[in-house]
Structures are given as C-alpha cells and as structure tokens.
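Since every read-out is calculated from the coordinates, none of them should be taken as a lab result. Keep in mind it's a predicted model, so treat the numbers as computed, not measured. All Cβ positions, glycine included, derive from the backbone under ideal geometry; neighbour counts span all protein chains shown.
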Amino acid sequence: MNLSTTPTLSRPADIRTRLVTPVVLLFILAGLAIATILFAVTRDQDRATVAQSEAVVAALLKRSQGDLAALAKDYSYWNDAVRNLVVAPDPAWADDNVGIYLGRTYKLAATLVVSGDDRVTYAAADRARTDPAAIATALPALAPIVERARRQIDADEPSPSFGVIKLGDRIHFVGASRIAPERPGSLVTPDPRAVLVLLCSLEDNLLVFMRDGLAY
C-alpha cells in the first residue's frame, strides 16, 4: 500500500457535468409541465370556443327561422292577400307581391299557397312562377309546419309557424302563416285554412347567415 499516493480529485468538467445534468432535467421537466398546462388551457379554450360558437349558431338559426315566420305573417295577414290569393286567385298579383317579389327581395327558394284541402294553388321557385304540381311533392315534408300554422283558426290574428326540412340534398328553413284579413269582419275568406308558405335554402343564404352572425 502506497501511502504517498495522492487522492484523485474530480476534474472541473466532472463537477460541471454533475451540476448541469440536474438543471437540464429540471428545465425539461418544467418545460413539459408548462406544455401540459398550455395544452390543457388551449383544449379548454377550444372547448369553450366551440361551445360559444355552437350557441351563437343555434341562436342565429333560431332567429332566422323566426324572421322567416314573421315575414310569412306580414304577407299573409293582409286583405289584399286574401282577395288575390284566396277569394279570386290572381297569379300576376301573386308574382308581384309574394312570389317572385319575395324571392328576389329575400332570396327565397320558393313561395307556395296551400289551400285548406292541401292543394298547391300558387307556386314560385327560383324567382319565377312555376307549375304548382311540380312543387306539390314537397307537401308531405311541409305538412306538419302547415298544420301548425292552422292552429287557432278561429283567432283573428294568425300565429305563424316555422321549421326545417330537407328537399333533395338541400336544407330549407320554412315559414308558414294562415292567410287572414287584417281586421275582423273587414273581409270574409272562403278558405280560412289557406296558408302562405315561404322556403329559404340554407346553402343559398349561408353568406347572409354568416354576415348576420358576425353582427349578432
């Protein structure tokens, strides 16, 4: 045994290695922790954003349907509508005041007049008058909405209805309102169950809905 042998001291590089390694590991762990927190926060924010967007879209769609129902009432709760759509149907008047006119003004897909015995007596589609028989195929899908519009048929003021249907590959909002005189006793309608029906294509009006949504 050689007592004169000097103990070997650690080199500065060894000291730095032993010191730096825990620090690096600490930074890595801290980085992972921060990343995990950020991921969780981002995920929660994404969920909150999606939920908020869904709420806005739902409210927007509901408002759009309500607006369409109100529009149907505006143009059906009218003495002139009773005279020209029910008493003595006038297709030219219908074109100028509810059919082609509303189609162009509000970008509607179609306008129908449905009689009390569920016949289409007037129809306009794509901003032009069309054969009622050609659009009568939509009646089964429209029937529940039309029937809701006929509720409280003895009431002086119509109560409009709205809904959503699919025709072909397109989704449509529907507004419907009973055709009735503006004032009780001012005009007698031979068909108090007649209904004005407005259809609005969601696809055709998507940009309008997006614009309204931004202003919502």
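For the range 57-214, the gyration tensor built on C-alpha atoms gives a prolate shape. Its axis ratio a/c (a ≥ b ≥ c) is at least 1.5, and a/b is the larger of a/b and b/c.
Each peptide among 70-78, 122-130 gets the average number of other Cβ atoms lying within 10 Å of its residues, and from highest to lowest they stand as 70-78, 122-130.
Each Lys and Arg contributes +1 and each Asp and Glu -1, all at the Cβ; summed about the Cα centre of the range 57-214, the dipole is approximately 340 debye. For the range 82-145, the square roots a ≥ b ≥ c of the C-alpha gyration tensor eigenvalues yield an a/c of 1.5 or more together with a/b not exceeding b/c, which makes the shape oblate. Full extension of the segment from TYR106 to ASP80, taken as 0.36 nm per residue of separation minus the current Cα-Cα distance, would add 7.3 nm.
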